[in-house]
Amino acid sequence: MQIKVSTASFSQLLGSSFPPSQGSFSDGVSSFINPIISFLVENDSPFLANIYPYFSYTGDSQNIPLPYALFTALGVVVQDGNLQYQNLFDASLDAIYAALERSGGANLQIVVSESGWPSEGDPAAIVENARTYYSNLMNHVKGGTPRRPGQAIETYLFAMFDENQKGGLETERHFGLFSPSQQSKYRIAFN
């Protein structure tokens with residue numbers, strides 16, 4: 001049995017993420033991230049990334065269509081050379097792959113350690129959008145991204161339960177698939 005080690009990162013470490021092929025880490029984080037990437041490469045461990053299209057969408061809803069964030073776009077939204085993107089999750093993940101390639105981690109696999117959509121606390125944070133996101137994400141990760149097609153993406157949903165005592169924005173309390181009383185908020189098929 002081999003034990004692997006990693007640390008989770010998030011998309012704000014990227015200095016550039018659009019188009020996805022131009023993904024690169026911010027200059028200010030290279031002294032921090034490059035040794036981590038080298039360690040992961042040397043130890044054949046995955047790079048863990050938290051991918052939240054919800055935050056990208058709400059941070060730039062004038063330029064990011066909601067269907068692109070929810071996996072419901074009817075066609076290509078972003079053309080990046082010969083790669084075509086129909087959802088923000090793939091674009092975000094491929095931007096991290098491009099950044100890793102530029103930083104010596106071309107062969108690293110990415111595990112999506114967190115991804116989710118809140119169900120309350122913001123106009124885009126409604127139960128229907130959360131259900132749509134989680135359902136579509138679970139169906140989508142089986143097939144890879146445009147940059148890494150045919151490779152299933154190991155992905156973990158955030159979170160099992162709403163965190164009604166969590167501080168910060170109201171949305172931060174509502175990422176759970178279940179309420180704190182263990183009531184399912186929506187039906188999702190896990191297989």
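The values are calculated or read from the model by the stated rules, or taken from the named source; none is laboratory data. Source: prediction; values computed, not measured. Heads up, the Cβs are rebuilt from the backbone with ideal geometry, glycines too, and the neighbour counts pull from every protein chain shown. Note: areas computed on protein heavy atoms with side chains; ligands, DNA, RNA excluded. Shrake-Rupley method; radii C 1.70, N 1.55, O 1.52, S 1.80 Å.
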Checklist outcome for this item: Counting only DSSP beta bridges fully inside segment 1-130, the antiparallel percentage to nearest 5 is 45
Checklist outcome for this item: Note, segment 172-189: 3J(HN,Hα) by Karplus (6.51, -1.76, 1.60, θ = phi - 60°), whole Hz, Gly/Pro = x, goes 4, 8, 10, 8, x, 6, 10, 6, x, 7, 6, 8, 5, 8, 7, 8, 9, 8
Next on the checklist: Which of the three applies to segment 108-190, rounded, prolate or oblate, going by the alpha-carbon gyration tensor with a ≥ b ≥ c and a/c under 1.5 meaning rounded?
Outcome noted: prolate
Checklist entry - For Asn164 and Ser31 in one chain, what is 0.36 nm times their gap in residues minus the Cα-Cα distance, to one decimal in nm? => result 44.2 nm
Checklist outcome for this item: Scoring segment 97-138 by relative contact order with C-alpha pairs under 8 Å, at least six apart, yields a percentage of 24
Next on the checklist: I need to check one value: relative contact order of segment 58-103, counting alpha carbon pairs closer than 8 Å and at least 6 residues apart, in percent.
Outcome noted: 27
Next on the checklist: Tell me the label only: which of (i) 8, 22, 17, 14, 12, 9, 7, 5, 3, 2, 1, 0; (ii) 9, 35, 35, 19, 2; (iii) 9, 37, 37, 16, 1 is P(r) over Cα pairs in 10 Å bins from 0, in percent as calculated from this structure?
Outcome noted: (ii)
Item to check | Order of exposure, largest accessible area first, which applies to Arg148, Arg102, Arg173, Arg131 with probe 1.4 Å | outcome: Arg102, Arg131, Arg173, Arg148
Next on the checklist: Can you compute the charge dipole magnitude of the chain about its Cα centre, using +1 on each Lys and Arg Cβ and -1 on each Asp and Glu Cβ, nothing else charged? Give it in debye, rounded to the nearest 20.
Outcome noted: 380
Checklist entry - Which percent of the accessible area of segment 34-191 is formed by carbon and sulfur heavy atoms (probe 1.4 angstrom)? => result 50
Next on the checklist: Tell me the per residue accessible area of segment 3-143 using a 1.4 Å probe; a whole number in Å² is fine.
Outcome noted: 47
Next on the checklist: For segment 1-59 and segment 78-113, what is the centre-to-centre distance using only Cα atoms, to the nearest Å?
Outcome noted: 10
Next on the checklist: Would segment 56-126 count as rounded, prolate or oblate if I go by the C-alpha gyration tensor, calling it rounded below 1.5 in a/c and otherwise prolate when a/b exceeds b/c, oblate otherwise?
Outcome noted: oblate
Next on the checklist: Apply the a/c threshold of 1.5 to the C-alpha gyration tensor of segment 44-91 and tell me whether it is rounded, prolate or oblate.
Outcome noted: oblate
Checklist entry - Using Cα-only point scatterers and the Debye equation, what is log10 of I(q)/I(0) for segment 1-98 at each q in 0.11, 0.24 Å⁻¹, rounded to two decimals? => result -0.38, -1.25
Checklist entry - Relative contact order (percent) for segment 62-176, with alpha-carbon contacts under 8 angstrom and 6 or more residues of separation? => result 23
Checklist entry - Considering the chain as a Gaussian network with a 10 Å cut-off on Cα pairs, which listed residue, Asn164, Asn50, Asn136, attains the greatest mean-square fluctuation? => result Asn164
Checklist outcome for this item: For Lys166, the lysines lying under 27 Å Cα to Cα, once residues fewer than eight places off in the same chain are dropped, come out as Lys185
